[in-house]
Amino acid sequence: MIKRAGSASFWAFVTVSSILLFPIAVVIWATTVLFDRRLVLLHRFTCFWASLYTWLNPVWSVTVDGRDKIRRGTTYVMVANHLSLLDILVMFRLFRHFKWVSKIENFRVPFIGWNMRLNRYIPLRRGDRESVIEMMAACERTLGEGSSIMMFPEGTRSSTGELRPFKPGAFELALATQTPILPIVITGTSEALPKRGFVLQGRHPIRIRVLDPIPYEEFAHLSIDALTEHVRSLIAAELGDPGDEPRS
């Protein structure tokens, strides 16, 4: 009962705060869009908005290691493992500029999804080849404009906590645009908020680890499949995952 009451309070806070903060996002967008073409200020406000939910939740202790590895002014294809809905919130704790690639359903969520559209994050309709082509083209344009891309190459949250096979899209993008790859490892979110359900699970430490960037020169000679498996193995090693989950 305590967990359910706490969870209900949390989601109520998310709802009320989103209603209050979205108009501020609109004002920031309207007053900066003409001179801030990458919407850096709006994204920074969105980082603050999302971070409120981990800052103010006493049972979530979030540690960010390696933020200094993200060099300002450098564009990356950023990839992270995916365990929980909470991953999206904690990744904003990086307070670095990027554009999310996210399933199109998230863009339909009132206030939060509308803010995603204001930020020009990139939607993807799962299972739709045409949508994948449009997403890749949008990512190439975004990288060309100087904004990093953030993707979960597993495609969906792991239900077991084990690292799933990676889809190749992020790595095709890095090779095609000669953009360095930035691997990021998330731990603790699946215990705090499991994939199935919305009940918060008590006190669990959450950690984000930014690994060393991989310059284009280090993977230019690799095939897409080899690059995909190489980056997956780096993240699996940090997770202590044997990396032997069969490809589906």
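Throughout, read-outs are computed from the coordinates displayed, never taken from laboratory work. All values derive from a computational prediction rather than experimental measurement. Every residue, glycine among them, receives a Cβ derived from its backbone with ideal geometry; neighbour counts consider all protein chains shown.
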Could you pull out every residue, at least 5 positions away or on a different chain, whose amide H is within less than 5 Å of the one on Thr63? Hs are placed 1.01 Å off N in the peptide plane, and Pro or chain starts have none.
Ile206, Arg207, Ile208
Cut-off 12 Å between beta-carbons: net charge of the residues surrounding Ser51, Lys and Arg +1, Asp and Glu -1
+2
If you restrict to DSSP beta bridges whose two residues both lie in the chain, what percentage is antiparallel, to the nearest 5?
20
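Using the beta-carbon distance between Phe48 and Arg117 and R0 = 25 Å, what value does 1/(1 + (r/R0)^6) give for FRET efficiency, to the nearest 0.05? All intermediate terms of the calculation are to be shown ahead of the outcome.
On the way: r = 18 Å, r/R0 = 0.74.
Step by step, r from the Cβ atoms, then E = 0.85.
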May I ask you to order 76-85, 127-136 by the average number of other C-beta atoms within 10 Å around their residues, highest value first?
76-85, 127-136
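Ranking request for peptides 91-101, 7-17: highest mean number of other beta-carbon atoms within 10 Å first, then the rest in descending order. Working shown, then result.
Values: 91-101: 20.7, 7-17: 13.7.
Averaged packing, sorted descending, gives the order 91-101, 7-17.
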Could you check the simple spin-label distance between Gln178 and Ser61, using points 7 Å along Cα→Cβ, in nm with one decimal?
4.6
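Find the relative contact order for the stretch 40-132 and round it to a whole percent, using C-alpha pairs within less than 8 Å whose residues are 6+ positions apart.
Working: 68 pairs, mean separation 28.3, N = 93.
Relative contact order, the stretch 40-132: 30 percent.
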Run the numbers for Arg141 and Val40: contour at 0.36 nm per residue of separation, minus the present Cα-Cα distance, in nm.
34.8 nm
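Provide the gained length on full extension for the span Arg72 to Ala30, in nm with one decimal, where the gain is 0.36 nm per separating residue minus the Cα-Cα distance.
Between Arg72 and Ala30, full extension yields 12.6 nm more.
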Out of these labelled values of Cα extents along the principal axes in Å, [x] 52, 47, 37; [y] 54, 36, 32; [z] 59, 37, 34, which was calculated from the coordinates shown here?
[x]
Contour minus Cα-Cα distance for His221 and Arg126 (0.36 nm per residue)
31.2 nm
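How high is the relative contact order of the chain, in percent, counting Cα pairs under 8 Å that sit 6 or more residues apart? Mind dumping the intermediate values first?
Values: 390 pairs, mean separation 63.6, N = 248.
After rounding, I find 26 percent.
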